[in-house]
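Here, each number is a calculation from the coordinates, and none is a lab measurement. Just so we're clear, the structure is a prediction, and the values are computed from it rather than from any experiment. Backbone-built Cβ (ideal geometry, glycine too); neighbour counts: all protein chains shown.
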Amino acid sequence: MGSPLVAILSGAGISTDSGIPDYRGPNGLWRRDPEAEKLVTYEYYMGDPEIRRRAWQMRRKNRTLQAEPNAAHLAVAELEQSGVPVRVITQNVDGLHQLAGMPARKVIELHGTARTVACTQCHATAPMENAIARVEAGEDDPPCQECGGILKSATVMFGERLDPVVLSEAVAITKACQVFIAVGSSLQVQPAAGLAAVAADHGARLIIVNAEPTPYDDRADEVVREPIGTALPALLRRLST
Ligand code: ZN
């Protein structure tokens, strides 16, 4: 028998050691600041050039693109490189799993990525750093270079639906895996909460690594409440042997 398929669902908590705060969680920065929340809410963003101007300034100052993967991201990539089949399902938009060495095709980004911009009209994409360079060169609200449409970060804003293809891929992996590790996610919002339930219903070994209790702790085979930066590498080393 081959190695079991390990699915890792990661939330904001895995990236805090990389200096990225929780933005979109139930107690995240955006939820606590109505003005900031508007900048990442589709309806406001599309309807108001001033909101877009401020959103670009926020992206320009955001340090997510400069962040480095931490020990937890590296441990996930090392597990995959050891030959264990690993798939990552992430709520994060920072791209740090891939920077740590996870192949992009094995990372499902539920909320998209902050490293890319996408046109809301023709869906053309471009690197975020190019758009930021245009803002720094004086464009308040750089339009799509293909069609002139409104550009946004390739992330799922509040008021936007998750990509159904991405979501169904996440569900398929959750049903297929033998081990499901939820790390750094409060498991309080969809789709993360639903995925944890699917994993448990399908008989996967459910392991939860999170600083705070989650609604799924009593369904878990194992709950780890230690710092992710040390707890996850230790846990994954156990799986790789
Ligand atoms: Zn376009």
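A few comments on the model shown:
- Relative contact order (percent, whole number), segment 80-135, Cα cutoff 8 Å, 6+ residue spacing: 28 percent
- Dipole magnitude of segment 15-114 about its Cα centre (Cβ charges: Lys, Arg +1; Asp, Glu -1), debye to nearest 20: 260 debye
- Rough spin-label spacing in nm, given labels placed 7 Å along Cα→Cβ, for R225 and K106: 3.2 nm
- Across the chain, the mean sequence separation of Cα contacts (distance under 8 Å, 6 or more residues apart), normalised by length, yields a relative contact order of 24 percent.
- Computed from Cα positions, the angle between helix 192-201 and the longest principal axis of the chain comes to roughly 20 degrees.
- Between A197 and F158, the distance separating the two model label sites (each 7 Å from Cα on the Cα→Cβ line) works out to 2.4 nm.
- Span from the segment 32-92 Cα centroid across to the segment 94-114 one, whole angstrom: 11 Å
- Acute angle (nearest 10 degrees) that the helix 164-176 long axis makes with the longest principal axis of the chain, alpha-carbon atoms: 10 degrees
- Dipole check for segment 84-241: with +1 at the C-beta of Lys and Arg, -1 at the C-beta of Asp and Glu, and the Cα centre as origin, the magnitude is about 660 Debye.
- Computed from the C-alpha gyration tensor, the three semi-axes of the ellipsoid equivalent to the chain are 33, 18, 17 Å, from longest to shortest.
- Gyration tensor verdict on segment 150-231 (Cα atoms; rounded if a/c is under 1.5, prolate if a/b is larger than b/c, oblate otherwise): oblate
- Once the Cα atoms are used to define both axes, helix 49-61 deviates from the longest principal axis of the chain by about 50 degrees.
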